[in-house]
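Below you'll find the structure, written out as structure tokens, and then a few comments.
The values are calculated or read from the model by the stated rules, or taken from the named source; none is laboratory data. Keep in mind that this is a model prediction, so the values were computed, not measured. Neighbour counts run over all protein chains shown; Cβ positions are idealised from the backbone, glycine included.
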Amino acid sequence: MDGSQTEGPAAAGPVLPPSLCDAVDVLRDRPLVVTELAGGLTNRNYKVVTPDGAYVVRISGPGTGALAIDRNDEYRNSVIAAGTGVGAPVHAYVPDQSALVIGFIEGRTFDDGDFGRPGVLDRVAASCRQLHDGPRFVNDFDMFEIQAGYLRVVLEHGYRLPDDYLEHLPAVERIRGALGPRTEPTVACNNDLLAGNFIDDGDAVRIIDYEYSGNNDACFELGNIWSECHLTLDQLEHLVTAYYGRRLANKVARARLQGLMGQYGWTLWASIQEATSLLDFEFWPWGMEKYERAVATFLGPELDRLIDTVQRAD
């Protein structure tokens, strides 16, 4: 949940621990110009300029294990994504300091409005295909399992939960059952593609931040983009059609339902973050915006149609 290459105000003072710089070849014994990057919701991110190049240093916050983040998997998947040409090059991983060092990608970091510009959805679809067509990641990601795990954490610790959250679990099982008969082969997915994780380098749309990466249904990737980037339904259909090369009503419905599951699951992510994060961010309103959109679909007339359409052959 980071969009980590948007520059904010310059950080004052030495923000990188000397022990970290000593552990990283590209930072050791070099003059550094450090700027904090805005947008991270689980980490502190810094742009570090040296005489040899520019890098992003990501330092993880404590307690992110409850968010289903495995930093070793993230590192290994980041290396795989870099090898496809979609991700940023990976320069170092320092696990004892919870730090990852990648190349800084020069370019335009997207915001939600960029998806309305001509050609952007087609280029995003192409980048997703490039990532998905590459080698598999080292782990799997299934939002149905992630959501259930988040719910256990929230209930066990007494974290904040929308009053009617549990009432929608039967609908979740209906959706899971509808997706199951036409199970898709999983591919290497980022699984967290909010707008700030896309960077246009002038030639291609690059994809950063592999905290939640894992092998998953491609339609989760597309549906999560729709949800996180606030695409219209027409834009979602365009994205799905560009990805598959032709219009497939069942894939559009599948992306909608997977995006719905993202909204329902990330609501709990926000609850855990509100209770545990040290970052200055309003996590609960962020999560409730997703939850309210999810409830509108759970209770609205479209759910039955989507469940019927997703089981069609085309």
Of the numbered conditions (1) within 23 Å of Ser127 (Cβ to Cβ); (2) touching an Asp or Glu at 6+ places or on another chain (Cβ under 6 Å); (3) surrounded by fewer than 24 Cβ atoms within 10 Å (Cβ to Cβ), Asp209 fails exactly one; give the number of that condition.
(3)
When (1) assigned to a strand (DSSP E or B); (2) surrounded by 17 or more Cβ atoms within 10 Å (Cβ to Cβ); (3) in contact (Cβ under 8 Å) with a residue 24 or more places away in the chain are applied to Tyr93, the one that fails is (3)
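Being in a loop (DSSP other than H, G, I, E, B), over 17 Å from the mean Cα position of the chain (by Cα) and touching a residue at least 40 places away in the same chain (Cβ under 8 Å) is the filter here, so list the residues in region 98-135 that pass it.
From region 98-135, those in a loop (DSSP other than H, G, I, E, B) are 98, 104-107, 110-111, 117-119, 133-135; that's our starting set.
Filter once more, keeping what is over 17 Å from the mean Cα position of the chain (by Cα): 98, 104-107, 117-119, 133-135.
Across region 98-135, the qualifying residues are Phe104, Ile105, Glu106, Gly107, Asp133, Gly134, Pro135.
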Hey, can you tell me all the residues within region 267-282 that are crowded, with 17+ Cβ neighbours inside 10 Å and in contact (Cβ under 8 Å) with a residue 60 or more places away in the chain?
Thr267, Leu268, Trp269, Ser271, Ile272, Gln273, Glu274, Ala275, Thr276, Ser277
Tally the residues that are more than 11 Å from Ser213 (Cα to Cα) and crowded, with 17+ Cβ neighbours inside 10 Å, restricting the search to region 66-78.
2
Restricting attention to region 212-239, which residues are without any contact (Cβ under 8 Å) to a residue 40 or more places away in the chain and surrounded by 24 or more Cβ atoms within 10 Å (Cβ to Cβ)?
Cys219, Gly223, Asn224, Trp226
Residue count, region 50-90, condition touching a residue at least 40 places away in the same chain (Cβ under 8 Å), farther than 28 Å from Leu268 by Cα and not in a strand (DSSP E or B), comes to 6
Mind checking which residues of region 29-59 are in contact with a helix residue (DSSP H, G or I) (Cβ under 6 Å, 6 or more places away or on another chain) and either among the hydroxyl-bearing types (Ser, Thr, Tyr) or modelled with pLDDT of 90 or more (or both)?
Thr42
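Among what's in region 152-189 and is assigned to a loop (DSSP other than H, G, I, E, B) and more than 15 Å from Trp266 (Cα to Cα), pick the residue that is modelled with the lowest pLDDT. First the steps, then the outcome.
Let us first name the residues in region 152-189 that are assigned to a loop (DSSP other than H, G, I, E, B), namely 158-164, 183-186.
With the extra rule that they be more than 15 Å from Trp266 (Cα to Cα), the set shrinks to 158, 163-164, 183-186.
Numbers: Gly158: 97, Asp163: 94, Asp164: 96, Thr183: 68, Glu184: 73, Pro185: 88, Thr186: 95.
Once the filter is applied, the top-ranked residue is Thr183.
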Scan the strands (runs of 3 or more DSSP E) fully inside region 190-309 and keep the ones with 2 or more residues being more than 15 Å from the chain's Cα centre (by Cα).
none
